[in-house]
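Okay, so here's the structure we're looking at.
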């Protein structure tokens with residue numbers, strides 16, 4: 001079942017990038033660049049793109065950031 005656009009989302013860290021999935025895309029920042037806590041849910045809101053990359057506003061409690069769409073690097077399992 002799909003989540004509604006306003007429902008809280010879970011964020012996670014993969015290969016050094018903190019990311020969230022929203023509307024079929026992955027958005028994120030480098031783990032050290034964000035002030036968002038992975039243990040708490042976030043709300044996601046679409047914002048205007050910056051000329052080619054989709055962006056979303058991530059809100060957690062009173063903290064607010066804008067994340068661009070990203071491709072999470074994949075590394076083969078050892």
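Just so it is clear, none of the values below were taken in a lab; they were calculated from the coordinates. Bear in mind the structure is a predicted one, so any value in this text is a computation, not a measurement.
Full extension of the chain segment joining residue 14 with residue 48 gains 9.7 nm, where the gain is 0.36 nm per residue of separation less the Cα-Cα distance.
Applying D = kT/(6 pi eta Rh) to the chain, where Rh is the Kirkwood radius over alpha-carbon pairs, T corresponds to 37 °C and eta to 0.692 mPa s, the Stokes-Einstein value obtained is 253 µm²/s.
Under a GNM of the chain (C-alpha, springs under 10 Å), which listed residue has the highest mean-square fluctuation: 49, 33, 62? Looking only at 49, 33, 62, the largest GNM fluctuation is found for 62.
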